[in-house]
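Student: Dumping the structure here so I can ask a few things about it.
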Amino acid sequence: MYSHTPVAPQACRRPLRALFILSLLAASGTSFAQSNDDELPVVVVTASRTEQIVTDTLPHTTVIDRDAIEKTPMQDVVSLLRTQSGVSVRQSGGQGALSGISIRGGEPRHTLVLIDGVPLNNISAGTAALEQIPLSAIERIEIVRGNVSALYGSQAVGGVVQVFTRKAKNENSLTLRAAAGTHNQVQASAQVNLSGEKVAATFGISHERIKAVSAQNAAAMKKIVPYGDVNPDKDGYKNETGYGHIRYRPNDKNEFGLRFSESRGKNQYDSAYGTADSVQSNRTKVSNVSVYSDNRLSDNWHSNVRVSQVSDRSYDYDSPVFFGTGVSLFKTRTTEFAWQNDIHTKAGEVVVGVSRSNQRLSSDTVYDNVKRNTTSLWAGYTLDKNRHHLQLNARTDKLTGLKRENTGSIHYGFDLTSKWRIQAGYSNGFAAPNFNELYYPDYSNPNLRAEHANYAELGLQYNGDGYGSRVTLFNTLYRDKIGSDPDTFLPVNINRARARGIEYHGWMDLYGFDVNLGLTYQSVKNRESGERLLRQPRFMGSLGVGKTMGKWQTQVDWTVQSGMDDVSQSKVSGFGVLNAAVYYAPIKEVKIGLALNNLLNRHYQPLYGYNATPRTVLLSFQYQPTFK
């Protein structure tokens, strides 16, 4: 089933060598910084479920804040995540196409996606429709690498991507943005922020569309599906989103709020089993509503209560009909109650929490079961004392129809000097089988067990004035991995796998240039046969360089990925993609931008048989006044 991946082609070897040389320079004394000295430290919450400065986190965590989002040449969140070390993206076509996020050799179903703290992964396939969330609706993104099941339960074996939507601020402002470009690309968004003495609110809407490329490569697909034809026309994508946040602060110790968002996307795609004139499309609606109470009950006790509901609705249309009725509907609705308490003691910080989630699947396919309830308890402890840093986490989850899962983790860091830290971590985790694997008619196995993993890492971090870097060795051992039985093609717990590698992340502020470098080398194999697993590249790299010069801002991003094995014994060649953007602000309230994606117009396939978006040119105008 698996075979050896060939060496990356010559077109990919040159950027690989260039990035390798940059990593040697960084390791020899040139490192990279996340923020300037005059900036406030970047605070994150995902790595320990409590507030931490990002450079203090023991699990490797990075942040893409609003400022970085507004400067990036990327036009969607999936492309933006591709620039992060340790992250690979599986995208079946251009912008808006079905996508999966893989972290440190895990599968997309091993990456937990949160939106404002609420799990977004659906129950049918176990993945999240992250591609439907536009950048205009995002305040920041936090990425935690490595298994954190002891913090978040099922699905967090590979890591966590948490998206925070736009939040209400203490200002009265308006943001209007319009953009147009090649391939019928159009973007328009508006956001208003209103603030009073105790109440603040923000509301926003956005619209975008593009029609750049045929989702599938007809010649490539013909090699694995010789009896079908792909419609060669360009496949379009359209998205409309609305969001809001209202908060009430009666005093400095209490906050009550409401968050909501809804994204509706329509994506045209291709089927290799169709005809040259067949039409396929998918309509996806992702919505989230949550109310919360955030209270400081005493100087040492902080409580947060949240009630939320997330729904993911997917409707597919296929004409002429090849399989079934030509239409399919899947809708996951997740209702969750969560209560977390943060307690400060002289001996360290303690976190205790409980949650209850109810998931329900609605579909025109008749599943044997459509409900799953999960009850979870978790506890955590962090200590920063002198040169010692400790994080302990434990969690228990009871999922309907599966045995109780108990997970734990330990992370320890020791400051060799005021700037150098060595750190290590060990944890276990699990990923519950999804309902397609358990209950889909005639193609499932109701006796499946959860996948399990044991994870270990060893890292070295340098954090200086204006530069820093982090190197991490990681190793994940999977057991009970879900695969396909070669005789019946049904899902079974048969595979054991290992994902191990080395990851480098460096950041630097060099003469006003903001530089970020990410390098990942990994080996992901079947532990029994020694063969490489599908869709797991050996090497991923990214280099980002930004500069602010008075009224001008520029950003250049270069991402590289080596070749990999894919389905039906196919191979995906390595690729390198260059993206660039320049912005000019003639006055404080106005910003004009020009973004060029895939600047060199590289024709490559992110997955075998699927086309990537060609070069796009986008001209934007933004007006952002403030008022009393």
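The values are calculated or read from the model by the stated rules, or taken from the named source; none is laboratory data. Computed from a predicted model, the values in this text were never measured in an experiment. With ideal geometry, Cβ positions are generated from the backbone for all residues, glycine too; neighbour counts draw on all protein chains shown. All accessible areas refer to the heavy atoms of the entire protein, side chains included, with ligands and DNA or RNA removed. Shrake-Rupley method; radii C 1.70, N 1.55, O 1.52, S 1.80 Å.
Student: Is it the case that Tyr381 is touching a strand residue (DSSP E or B) at 6+ places or on another chain (Cβ under 7 Å), among the aromatic types (Phe, Trp, Tyr), open to solvent by 20 Å² or more (accessible area, probe 1.4 Å) and farther than 14 Å from Ser149 by Cβ? Spell out the reasoning first.
Tutor: Numbers: touching a strand residue (DSSP E or B) at 6+ places or on another chain (Cβ under 7 Å): yes; among the aromatic types (Phe, Trp, Tyr): yes; open to solvent by 20 Å² or more (accessible area, probe 1.4 Å): yes; farther than 14 Å from Ser149 by Cβ: yes.
For Tyr381, the condition - touching a strand residue (DSSP E or B) at 6+ places or on another chain (Cβ under 7 Å), among the aromatic types (Phe, Trp, Tyr), open to solvent by 20 Å² or more (accessible area, probe 1.4 Å) and farther than 14 Å from Ser149 by Cβ - is met.
Student: Being open to solvent by 30 Å² or more (accessible area, probe 1.4 Å) and either of a type in the set (Val, Ile, Thr) or at pLDDT below 95 (or both): is that true of Val572 here? It would help to see each step written out before you state the result.
Tutor: Details: open to solvent by 30 Å² or more (accessible area, probe 1.4 Å): no; either of a type in the set (Val, Ile, Thr) or at pLDDT below 95 (or both): yes.
It is false that Val572 is open to solvent by 30 Å² or more (accessible area, probe 1.4 Å) and either of a type in the set (Val, Ile, Thr) or at pLDDT below 95 (or both).
Student: For the range 272-295, which residues satisfy the criterion of being hydrophobic (A, V, I, L, M, F, W, C) and closer than 13 Å to Ala218 by Cα? Write out each step before concluding.
Tutor: Initially, the range 272-295 is screened for residues hydrophobic (A, V, I, L, M, F, W, C), giving 272, 276, 279, 286, 289, 291.
If the condition is that a residue be hydrophobic (A, V, I, L, M, F, W, C) and closer than 13 Å to Ala218 by Cα, then Ala272, Ala276 are the ones that fit.
Student: Determine the pairs where a residue that is in a loop (DSSP other than H, G, I, E, B), located within the range 381-408, has a partner that is open to solvent by 70 Å² or more (accessible area, probe 1.4 Å) with Cβ atoms under 6 Å apart, the partner being 6 or more residues away or on another chain.
Tutor: So the pair list comes out as Arg404/Lys398.
Student: Could you give every pair whose Cβ atoms fall below 7 Å, whose first residue belongs to the range 194-206 and is within 20 Å of Ala179 (Cβ to Cβ), and whose second residue is at pLDDT 95 or above and not in a strand (DSSP E or B), counting only separations of at least 6 or pairs across chains?
Tutor: Pairs found: Gly204/Ser136; Gly204/Ala137; Gly204/Arg166; Ser206/Pro134; Ser206/Ser136; Ser206/Ala137.
Student: For the range 495-600, list the strands (runs of 3 or more DSSP E) that sit wholly inside it and hold at least 2 residues that are touching a residue at least 40 places away in the same chain (Cβ under 8 Å) and within 23 Å of Leu458 (Cα to Cα); which are they? Explain how you work it out, then say what you get.
Tutor: On the way: elements: 513-526, 539-549, 552-561, 575-584, 590-597.
The strands (runs of 3 or more DSSP E) meeting that bar are 513-526, 539-549.
Student: Follow-up question, since we're still on this one. Would it be correct to say that Thr554 is among the β-branched types (Val, Ile, Thr) and in contact with a helix residue (DSSP H, G or I) (Cβ under 9 Å, 6 or more places away or on another chain)?
Tutor: Working: among the β-branched types (Val, Ile, Thr): yes; in contact with a helix residue (DSSP H, G or I) (Cβ under 9 Å, 6 or more places away or on another chain): yes.
Considered against the rule, which asks whether it is among the β-branched types (Val, Ile, Thr) and in contact with a helix residue (DSSP H, G or I) (Cβ under 9 Å, 6 or more places away or on another chain), Thr554 comes out as yes.
Student: Count, please, the residues in the range 435-461 that happen to be open to solvent by less than 60 Å² (accessible area, probe 1.4 Å) and in a strand (DSSP E or B).
Tutor: Here the count works out to 9.
Student: Still on this structure, I have one more. Output the residues belonging to the range 183-200 that are more than 30 Å from Asp235 (Cβ to Cβ) and either open to solvent by 30 Å² or more (accessible area, probe 1.4 Å) or more than 29 Å from the chain's Cα centre (by Cα) (or both). Before the answer, list the steps.
Tutor: The initial filter retains those residues of the range 183-200 that are more than 30 Å from Asp235 (Cβ to Cβ), namely 192-200.
Answer for the range 183-200, where residues must be more than 30 Å from Asp235 (Cβ to Cβ) and either open to solvent by 30 Å² or more (accessible area, probe 1.4 Å) or more than 29 Å from the chain's Cα centre (by Cα) (or both): Val192, Leu194, Ser195, Gly196, Glu197, Lys198, Val199.
Student: What single numbered condition from (1) touching a strand residue (DSSP E or B) at 6+ places or on another chain (Cβ under 8 Å); (2) more than 24 Å from Val163 (Cβ to Cβ) fails to hold for Lys238?
Tutor: Going through the list (1) touching a strand residue (DSSP E or B) at 6+ places or on another chain (Cβ under 8 Å); (2) more than 24 Å from Val163 (Cβ to Cβ), Lys238 breaks only (2).
Student: Do the conditions hold for Lys222, that is, is it out of contact with any Ser or Thr (no Cβ under 6 Å at 6 or more places or on another chain), among the basic types (Lys, Arg) and surrounded by fewer than 17 Cβ atoms within 10 Å (Cβ to Cβ)?
Tutor: Numbers: out of contact with any Ser or Thr (no Cβ under 6 Å at 6 or more places or on another chain): yes; among the basic types (Lys, Arg): yes; surrounded by fewer than 17 Cβ atoms within 10 Å (Cβ to Cβ): yes.
Yes; evaluated as a whole, the condition is true for this residue.
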